[in-house]
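The values are calculated or read from the model by the stated rules, or taken from the named source; none is laboratory data. Since we're looking at a predicted model, the values are computed, not measured. Ideal geometry is used to build each Cβ from the backbone, glycine not excepted, and the neighbour counts take in all protein chains shown. Remember, those area values only see protein heavy atoms, side chains included, never the ligands or the DNA or RNA. Shrake-Rupley method; radii C 1.70, N 1.55, O 1.52, S 1.80 Å.
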Amino acid sequence: VTVSLLRLAWRNVTRQRRRAALTISATAFATFVVTLGGGVKDGTDAQVIEGNARLRSGHVALTGAGHRRDPTLAHTLVLDDALVRTVETTPGVRALAPRLAAPGLLSSAAHTAVVTLLGVDPAREARVSTLAARVRAGAFVPAAGGTVVVGQRLADALGVQAGDTVLAHAVAYTLEPAYERYRVSGVMRLPDPTLDATLAVLALADAQALLAREGRATEVAVLAAGAADAPAVAAALRTALAAAPGEPVEVRTWDEQSPELVRLLALNRAGGRLVHGIVLAVVGFGILDTLLISVVERRREFGVVLALGLRPGALFRLVVLESLCLGGLGVAVGLAAAVPAVAALGAWPVRFGGELARTMEVLGADALWVGRLEWRTVAGAAAAVGLVSAAAALYPARLGSRTPLGAGARRT
Amino acid sequence: MPSRGDDHRSPARRRAAVRAALVLLLAEPAAAADLAPAPADLDARAIVEHSVDALRGRTTYLRATMQIESPRLPAPRTVTFRSWDDGPGRRSFIRILAPAKDAGTGYLKRHPTLWTWLPRVERVVRLPPSMMHQSWMGSDFTNDDLVRHSDAVDDYAHRLLGVDSAPADAPDRPAWVVESLPHDDAAVVWARIVAWIDVADAAPQRQEFYAEDGARVRTLRFGDVRTVQGRPVPHRWSAVPDGETGRATTVTVEEIRFDEVLAEDLFTPEHLRGRE
């Protein structure tokens, strides 16, 4: 019965080709918008997450116990060969970068700025973060140290450029005033304006000496294959570090480390869902309208087949099947257009500007529309449009199935 | 980089929260109940003004030793310094005498600017305004405490809460309890200061500093009151921050003189760059 009903439904759909084409276009459009929107969202989110990890604490961050509550030099971790070996040999760890950070001041001859002094191991840092790659003038901190690399906005505020000398000034772990002169070896351009105006990178050994914290780090940033691997790598690190002797180490994934970023992404996603919901509702009413007309047009026909003994339930299913045929075709056409578009945006991201671009920069990501194909997003879009097609058919189908038996006879 | 905690549901945290709530429940009414009402005609601002006089004249010269205790330090760190303060001119000068590593370091404030001289690199650094509320020399006193950037009298609105007949620190010396709330336009960090001021001589006994969220951040205690030029001058000031066990800073006044005429060239960049 179902197969013959389906055949009948298909024949009914092809009877009004122009109307069918119109409904299919609307459905295809909805599918295209929702799939492309979702794909760009997936791509942009992944890019923001990766940018954040590569600019800040990696996919997984290790800190000394209590550092999160009180992020000062009071809570550091012992940075010895044993720790480095334990982390490096943990499955899933691609690279690690130890850092020692403290608030301080940076002064040129004329100006002083409040900064974050960040000591890094230059060779290891280059494998984890994009800091070294963001140097636009001069060079990153050399292995031997003795220099500082500053953000462009910080350089502008201090009126310095590569080659000039600056004075770093902080309170050491020993609560003594600590100050030292460094040569500016390079100026980097950081996407986050706050970071760009406050970050001063120096060699780890220099920072440890200045702040009287030799052999210690405030953080070890760990890079995994990707953000998705963070929970597994974090779990493996927790196990490995718990078994290793020494002071306790706290392990956190990027999302535990940046909850405000997670909230922002969730909020953004909710906004996207709202827009998609509106598109689907509009298309749903379009389908409803078309089906309703097709049902009203066929009152005589329906009256006849009902009089001939077709059960109202079968008629109901027929109308729903007609809608699903149209919806299915629309989804197929929409996906055929959207999937290559998302893939193309993945291969060739498009740069954008304006207010949104600045927001992206604050998040540490480049202002690019990037596509990313995720089967869940594609399947979700197809299912949503299919569901809307079916839902839109319910009322017309009910109306059709209740056509009075004699509806066709009263024509003249 | 640092972000919010996540283990607020842990049993230890919950126990701590319950304990804190209990302490609050038990302590708050007790403290309030201890206060006797003050005479209605008393001016809270005048009392505060009076207590400020105990530490500060038109001009003030001071030689003192500061001892910083912290779990970070195997032994307390001791800093000796001299300071000159010109109240009407809103100028201050501080020179570090010891330890040897920091000797010669100087601070000059000419309102509203604060400079520091770093002798080892022979550089003067102008400290940004935000540093005013940061730790001075790693202690629990701020730059503001030392160079008196803000005005304890004029930057706040004062209200007399009552009389504490037996203050915790000096049970035999009743104290006025004054609450000071900053004016909207005042450049201060504290959301509220509660001060205990000796009823007999208006010497400061204790000051509690509160943050925006209502939590107490720091307590200053004043002791060893000796009369200098007719003023009841506390010679021991201690600062204890809340939430950091084992931390405390104590300043012991070795010499203090008021209302001397200070040399004009004391408050100059040239003097800042010099050595005593």
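Of everything in the stretch B:226-266 that is of a type in the set (A, V, I, L, M, F, W, C) and in contact with a Phe, Trp or Tyr (Cβ under 6 Å, 6 or more places away or on another chain), the residue that is nearest to B:ALA203 (Cα to Cα) is B:TRP237.
Name every residue in the stretch A:290-300 that is open to solvent by 70 Å² or more (accessible area, probe 1.4 Å) and either under 11 Å from A:GLY400 (Cβ atoms) or within 46 Å of the chain's Cα centre (by Cα) (or both), in order of residue number. A:ILE293, A:VAL296, A:GLU297, A:ARG299 - these are the residues of the stretch A:290-300 that are open to solvent by 70 Å² or more (accessible area, probe 1.4 Å) and either under 11 Å from A:GLY400 (Cβ atoms) or within 46 Å of the chain's Cα centre (by Cα) (or both). Picking from residues in the stretch A:37-84 that are in contact with a strand residue (DSSP E or B) (Cβ under 9 Å, 6 or more places away or on another chain) and assigned to a helix (DSSP H, G or I), the one that is nearest to the other protein chains (Cβ to nearest Cβ) is A:ALA53.
Kindly evaluate A:TRP375 against the criterion of being open to solvent by 60 Å² or more (accessible area, probe 1.4 Å) and under 30 Å from A:LEU195 (Cα atoms). Judged against the criteria, A:TRP375 is not a match.
In this structure, is B:THR105 facing chain A (nearest Cβ under 8 Å), closer than 21 Å to B:VAL253 by Cα and modelled with pLDDT of 90 or more? Spelling it out, B:THR105 is indeed facing chain A (nearest Cβ under 8 Å), closer than 21 Å to B:VAL253 by Cα and modelled with pLDDT of 90 or more. Each residue in the stretch B:194-212 was checked for being of a type in the set (Val, Ile, Thr), assigned to a strand (DSSP E or B) and either touching a residue at least 40 places away in the same chain (Cβ under 8 Å) or open to solvent by 30 Å² or more (accessible area, probe 1.4 Å) (or both), and 1 of them qualify.
Looking at A:ARG273, A:ARG269, just one residue is over 30 Å from A:TYR395 (Cβ atoms), charged (D, E, K, R) and not in a strand (DSSP E or B), and that residue is A:ARG269. Per the conditions (1) in a helix (DSSP H, G or I); (2) modelled with pLDDT of 90 or more, the sole criterion not satisfied by A:GLU214 is (1). As a summary of the residue check, A:LEU8 satisfies the conditions (1) assigned to a helix (DSSP H, G or I); (2) open to solvent by less than 10 Å² (accessible area, probe 1.4 Å) except for the one numbered (2).
Listed conditions (1) more than 14 Å from every other protein chain (Cβ to nearest Cβ); (2) in contact with a helix residue (DSSP H, G or I) (Cβ under 7 Å, 6 or more places away or on another chain); (3) within 25 Å of B:ASP102 (Cβ to Cβ) are all met by A:GLU180, apart from (1).
Okay, residues lined up against (1) within 14 Å of chain A (Cβ to nearest Cβ); (2) acidic (Asp, Glu); (3) touching a residue at least 12 places away in the same chain (Cβ under 8 Å); (4) surrounded by fewer than 21 Cβ atoms within 10 Å (Cβ to Cβ):
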residue: B:PRO88; (1), (2), (3), (4): no, no, yes, yes
residue: B:ASP144; (1), (2), (3), (4): no, yes, yes, yes
residue: B:PRO174; (1), (2), (3), (4): no, no, yes, yes
residue: B:VAL178; (1), (2), (3), (4): no, no, yes, no
residue: B:ALA187; (1), (2), (3), (4): no, no, yes, yes
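Residues in the stretch B:137-181 that are part of a loop (DSSP other than H, G, I, E, B) and among the hydroxyl-bearing types (Ser, Thr, Tyr): 3 in all.
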